[in-house]
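This report concerns only the one structure given below.
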Amino acid sequence: MAGGKKTTIRGGSPRWTTRPYSKHRAGRRKAPKPPRPGLDLVVALISVPIAVVGALFLGSTMVGTFKLPLYLGYGGTLVPLAAAHILITPRGRPQVVATIGMAVALVVGVALLYPGGL
């Protein structure tokens, strides 16, 4: 048997060894990251226009592919994007800002894209 002498403690199993550096060492806990509300708000405000542009792009693709009106493609794409965005955004003020921004973008966008809109 290679690896040195194995010792047992108080009648323990001979396969159980006391090794100073075990493979299963307890990991050190890291301190939680400090909250950054300003950065979260900026990210929420930037992500709303990105989602709107993505919805417009996918809506225009649906116009060519499925012959859907643009307002239906835009609205049908922005609703799941908004739902996913609300689930991913951190709770608190950023989520409220993102939700209001998505709702306003949905209502105004569909109203503008509707034939004879606003």
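At a 1.4 Å probe, what is the % contribution of carbon and sulfur to the accessible area of the range 25-85? Intermediate values should be presented prior to the final figure.
Details: 3280 of 4520 Å².
The computed percentage sits at 73.
Let me check something: with ligands and nucleic acids excluded, how do Y74, Y114 order by accessible area (1.4 Å probe), largest to smallest?
On the way: Y74 5, Y114 115 Å².
Putting Y74, Y114 in descending order of accessible area: Y114, Y74.
By its C-alpha gyration tensor, with a ≥ b ≥ c as the square roots of the eigenvalues, how is the range 61-117 shaped: rounded for a/c under 1.5, else prolate for a/b larger than b/c, else oblate?
Numbers: a/c = 5.44, a/b = 1.91, b/c = 2.85.
Note, shape of the range 61-117 comes out oblate.
The values are calculated or read from the model by the stated rules, or taken from the named source; none is laboratory data. All values derive from a computational prediction rather than experimental measurement. Surface accessibility is based on the protein's heavy atoms, side chains included, excluding ligands, DNA and RNA. Shrake-Rupley method; radii C 1.70, N 1.55, O 1.52, S 1.80 Å.
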